[in-house]
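I have placed the structure first, in the form of structure tokens, so that the comments after it can refer back to it.
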Amino acid sequence: MTTWTWATGAEFVTTPAPALIGHPPPSQAQRRILIVLIAAQILSGAGLAAGVTVGALLAQDMLGATSLAGVLSALGTAGSALAAVAVGRISQARGRRPGLAAGYLAGAIGSTGVIAAAVVGNPVLLFIAIFVYGAGTATNLQARYAGADLAAPAHRARAVSTVLVATTLGGVVGPNLTAPTSDLAHVLGIPYLAGPFLLAGAAYATAALVLAIWLRPDPLLLARTLEDEHTAAANAQQGDVGDRPRPAGEGRRSAALFGTLVMVVTQLVMVAIMTMTPVYMHDHGQSAAASGLVIAIHIGAMYLPSPLTGWLVDRYGRLTIASASALTLLAAGIVAANAPEDSIAPLAVALALLGLGWNLGLVTGTAIITDAVPLATRAKTQGLVDVSIAIAGAIGGMASGLVVAVAGYPLLAIGGGILALVIVPAVATASRSR
């Protein structure tokens, strides 16, 4: 008899194939879902990168000073955190399709608001619009969870990484369209620096449309249906479901906390070191082009290794790659702290390691969370986890400037690397509790 193997949280149940009658096979549905998610991520990546490229410059131009330009980043982060909760709750109640589509639509509305603020020269409207625009960032990150809903446990990390790497394609295209979109804005009578938000609005709106039309079946809703069918079939075959072993609730909570810790720590360390590296280079006479090259290498390392990372996580296990993430971030801190002031190459290596360490942590943590959290509360919990990640990034960005001002960039770099080692004892604890 043909059988399907399905995962419900951390529990594995094998039931006859007839239980799936009326639904597409999970593997077939998963392939379609990943194709749609990849298309949406390419679009949203372009929208995300295009807006980020000139956001601070637009604020500086409108305010006539640099002192409040950083407020834009904080507001975008705050909007992202709130949107993560909202997208998670909508997805929990109605499915991934309306949740993600609503998030991208909000990002498009925020982009339109930024353009309107630039046209009328209203900084208050700009701040409000950037807050709403942050929803696109949160949704872009939340989409990785949709890739894992129907994935078999042995392939979950690879599914997550497939969605993540798609963002890179849009992220490369977006900044390269800054000049053409700015020229278009000028022709339309819109301030030059608001041009990239034309692309951001169109990209986010199109991503929302792609998901609303083609993300069918909804991965989260189908996963719930399949779980219910497997549970019913297992009960019919084996009697009382209580006869089968189930993972303890406490064990699931511990695993979820561990996955959250991995992503929060890697986000905090990455943002802290990344934020101050261009400042450090500028202060020591490096050109803007040199800083841009180093950051470009860093961003590439954040996303491009995702397919390999997913394979490593599935092949060698969550705990092993979580430890590798911590050690990679430590190596990044050591290299950055010892980089000569007049040399670009060591900093490029350090920022590449920093991006890779973040990637290892994000893919691993996402897989752990998906494994641990039951479908009944999965989307809501994932939204709350991403709020924690956003807050960690905000703290890392704000604290990094203070640390450099007091103790210098090398201490920030080595301190961040050492902080990442918090993951190692957490891995040891998680290993003992398995």
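Got a sec? How would Leu211, Leu34, Leu126 order by Cβ neighbour count within 10 Å, fewest to most?
On the way: Leu211 30, Leu34 20, Leu126 27.
Ascending Cβ contact count within 10 Å gives the list Leu34, Leu126, Leu211.
Run the Debye formula on the Cα coordinates of segment 70-137, all scatterers equal and no solvent, and tell me log10 I(q)/I(0) at q = 0.22, 0.24 1/Å.
Treating every Cα as an identical point scatterer, log10 I(q)/I(0) equals -0.81, -0.90.
One-quarter of the Cα convex hull surface for segment 249-433, in nm²?
If I average the Cα hull's projected area over directions, I get 10.2 nm².
If you place +1 on the Cβ of every Lys and Arg and -1 on the Cβ of every Asp and Glu, how big does the dipole about the Cα centre of the chain come out, in debye to the nearest 20?
Dipole of the chain, to the nearest 20 debye: 900 debye.
Provide, as a two-decimal number, the C-alpha radius of gyration of the chain over 2.2 N^0.38 Å, N being how many residues it has.
Rounded to two decimals, the normalised Rg is 1.00.
Which value results for Rg/Rh of segment 24-226 when Rg is the Cα radius of gyration and Rh the Kirkwood radius based on the inverse mean 1/r? Each step should come with its number before you reach the end.
On the way: Rg = 17.3 Å, Rh = 16.9 Å.
Result: Rg/Rh = 1.02.
Answer rounded, prolate or oblate for segment 122-200, using the Cα gyration tensor with square roots of eigenvalues a ≥ b ≥ c: rounded when a/c is under 1.5, else prolate when a/b is larger than b/c, else oblate. Don't skip to the answer; put the middle values down first.
Numbers: a/c = 5.17, a/b = 2.09, b/c = 2.47.
It is oblate, given that a/c is not under 1.5 and a/b is not larger than b/c.
Treat every Asp and Glu Cβ in segment 331-434 as -1 and every Lys and Arg Cβ as +1, leave all other atoms uncharged, and give the resulting dipole magnitude about the Cα centre to the nearest 20 debye.
I would put it at about 500 debye.
Every number here is computed from the coordinates shown, using simple stated rules; none is lab data. What you see is a predicted model; the values in this text were computed from it and never measured. Every residue, glycine as well, gets a Cβ built from its backbone with ideal geometry; the counts of neighbours run over all protein chains shown.
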